[in-house]
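None of the figures in this text is laboratory data; all of them are computed from the coordinates on show. Everything numeric here is computed off the predicted structure, so don't read it as measured data. Don't worry about glycine lacking a Cβ; one is built from the backbone with ideal geometry, like all the others, and counts go over all protein chains shown.
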Amino acid sequence: MATLTFHGHSCFEIVAADGTRILIDPFLTGNGTADVGPEHFDDRLDYLILTHGHGDHIGDAFDILRQTGATLIATYELASYAGEVQGIEKVHPMHIGGGWDFPFGRVKLTVALHGGKIDADGAEAYTTNPAGVVVTVDGTRIYHAGDTALTMDMELLQGEVDVAILPIGDNFTMGPEDAGRAVGMIRPRMAIPMHFATFDLIDVDPERFVEATAGAAPITVMSPGEAIDV
Ligand code: NI
Ligand code: MN
């Protein structure tokens with residue numbers, strides 16, 4: 001059984017039963033809702049996954065990668081930027097629709113309908129498509145949708161996902177009603193909202209998401225710092 005910890009906005013940490021630590025989209029510095037800062041990870045991180053290059057997802061990623069020596073998993077262009085411009089030594093490039101069996105389990109990138117600009121100096125040549133990701137750890141298939149609109153592609157995930165982590169904040173991504181429809185399409189065992197309440201433009205009440213799912217799956221609204229077994 002794996003442990004899933006929410007660190008605010010779209011940042012989630014997965015710890016496998018064997019102790020492998022995986023971090024997704026660590027926007028911590030400058031995020032008033034984050035429960036920890038980058039120093040929290042000290043040298044205890046094995047993999048860092050980025051869904052796309054926007055500043056509220058890259059966040060502290062490169063500092064954490066340097067500090068921990070963890071391996072970055074991202075799209076080819078984002079991984080190339082990390083290696084060639086940021087000097088990150090351990091990168092594993094992938095792309096949408098592809099999966100890879102890592103020592104801790106499988107990672108597969110999924111379609112996300114959103115923007116792909118990398119918010120960083122010298123990144124112009126590395127603009128890429130955004131992605132979602134399905135991480136399989138200890139037999140649990142965790143889908144982190146990244147930033148995305150509701151798309152019909154989510155129907156392809158039906159039967160492939162145990163825990164669905166979905167943006168609900170509206171304005172930049174799905175709002176709570178569309179995210180509720182996404183739960184109906186994916187039919188996970190559990191759904192968790194993210195990407196809401198961090199700043200004014202996405203200040204959405206997660207209860208609207210709970211109502212919109214209409215019982216298609218149990219919803220767990222996590223608070224920053226909260227950890228659950230999945
Ligand atoms: Ni974004
Ligand atoms: Mn975002």
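When only the Cβ of Lys, Arg, Asp and Glu is charged (+1, +1, -1, -1), the dipole of segment 23-140 relative to its Cα centre reaches about 420 debye. Sorting 102-108, 60-66, 129-135 by average packing, meaning the other beta carbons within 10 Å per residue, from highest down gives 129-135, 60-66, 102-108. By definition, a body whose alpha carbon gyration tensor gives a ≥ b ≥ c is rounded when a/c is under 1.5, and the chain falls into this rounded group. Here the spin labels are modelled as points 7 Å beyond Cα on the Cα-Cβ line, and at ASP200 and HIS95 they lie 4.1 nm apart. Could you tell me which residue out of THR127, ILE186, GLY159 lies farthest along the dipole of the chain toward its positive end? Charges go on the beta carbon: Lys and Arg +1, Asp and Glu -1, centred on the Cα centre. Looking along the dipole axis, the top candidate is GLY159. Less than 5 angstrom separates the built amide H of GLY175 from those of ASP170, all sequence-distant by 5 or more or on a different chain. The amide H of VAL137, built 1.01 Å from its N in the peptide plane, has ILE142 as neighbours under 5 Å, considering only residues 5 or more places off or on other chains.
The string of couplings for segment 35-43 from the Karplus curve (6.51, -1.76, 1.60, θ = phi - 60°) is 8, 9, x, x, 5, 3, 7, 6, 10 Hz, one whole number per residue in order, with x for Gly and Pro.
Using the Cβ-Cβ distance between ASP18 and GLU226 with R0 = 22 Å, the FRET efficiency computed as 1/(1 + (r/R0)^6) comes to roughly 0.45.
Round to a whole angstrom and tell me the spacing of the C-alpha centers of segment 67-98 and segment 11-66. Result: 14 Å between the Cα centres. Over every Cα atom in segment 1-77, the radius of gyration and the widest Cα-Cα span, Dmax, amount to 11.4, 33 Å.
Peptides 204-215, 14-25, 136-147 ranked from most to least packed give 136-147, 14-25, 204-215, packing being the mean of other C-beta atoms within 10 angstrom over each peptide's residues.
For the chain, averaging the sequence separation of C-alpha pairs within contact (under 8 Å, six or more residues apart) and dividing by the residue count gives a relative contact order of 18 percent. Here the spin labels are modelled as points 7 Å beyond Cα on the Cα-Cβ line, and at ARG66 and ASN171 they lie 3.1 nm apart. Per residue, the chain reaches -4500 deg cm²/dmol at 222 nm when only DSSP H runs of four or more residues are counted, each adding -39500 (n - 2.57).
On full extension, the segment bounded by LEU156 and ASP119 gains 10.3 nm, given 0.36 nm per residue less the C-alpha separation.
Under a 5 Å amide H cut-off, with hydrogens placed 1.01 Å from N, VAL91 pairs with LEU72 among residues at least 5 apart or on other chains. Using the Stokes-Einstein relation with a Kirkwood hydrodynamic radius computed over Cα pairs, the translational diffusion coefficient of segment 64-110 at 37 °C and a viscosity of 0.692 mPa s comes to 297 µm²/s.
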